[in-house]
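Reviewing the structure listed below.
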Amino acid sequence: MELKHKRNEEEKTREYTVTVTDSELNQFKEMMTGPLDQDLFAVSQTLTDIVGNMIVRRILTDLTELDK
């Protein structure tokens with residue numbers, strides 16, 4: 001998984017994008033022991049934790065840069 005961020009000086013905005021490879025998707029699929037609807041909550045919780053942490057860390061870095 002890769003987090004990319006883009007800063008738009010004109011609009012004073014930032015865009016955060018997460019890219020996931022097919023290999024990583026297959027790893028999450030392997031975590032599931034049953035049909036998607038049964039394991040969806042567990043997998044979504046794991047994805048939320050990983051992606052959320054990536055974005056929060058980047059936003060905190062941006063906040064630190066703004067503070068300089």
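Summary of computed values
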| quantity | calculated |
| --- | --- |
| For Ile50, solvent-accessible area (1.4 Å; no DNA, RNA or ligand), Å² | 60 |
| Per-pair calculated FRET efficiency, R0 = 35 Å: Lys12 and Thr46 via Cβ, rounded to 0.05 | 0.55 |
| Angle between the chain longest axis and helix 22-31 axis [Cα atoms, degrees, rounded to 10] | 50 |
| Reach of Lys29 by Cα under 19 Å, taken over aspartates and glutamates that are not fewer than 8 positions away in the same chain | Glu2, Asp37, Asp39, Asp49 |
| Angle in degrees between helix 36-67 and the longest Cα principal axis of the chain, rounded to the nearest 10 | 10 |
| The chain - percent of accessible surface contributed by carbon and sulfur, probe 1.4 Å | 53 |
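The values are calculated or read from the model by the stated rules, or taken from the named source; none is laboratory data. Everything numeric here is computed off the predicted structure, so don't read it as measured data. Cβ sites come from the backbone with ideal geometry, for glycine too, and all protein chains shown count toward neighbours. With ligands, DNA and RNA removed, areas are computed over all heavy atoms of the protein, side chains included. Shrake-Rupley method; radii C 1.70, N 1.55, O 1.52, S 1.80 Å.
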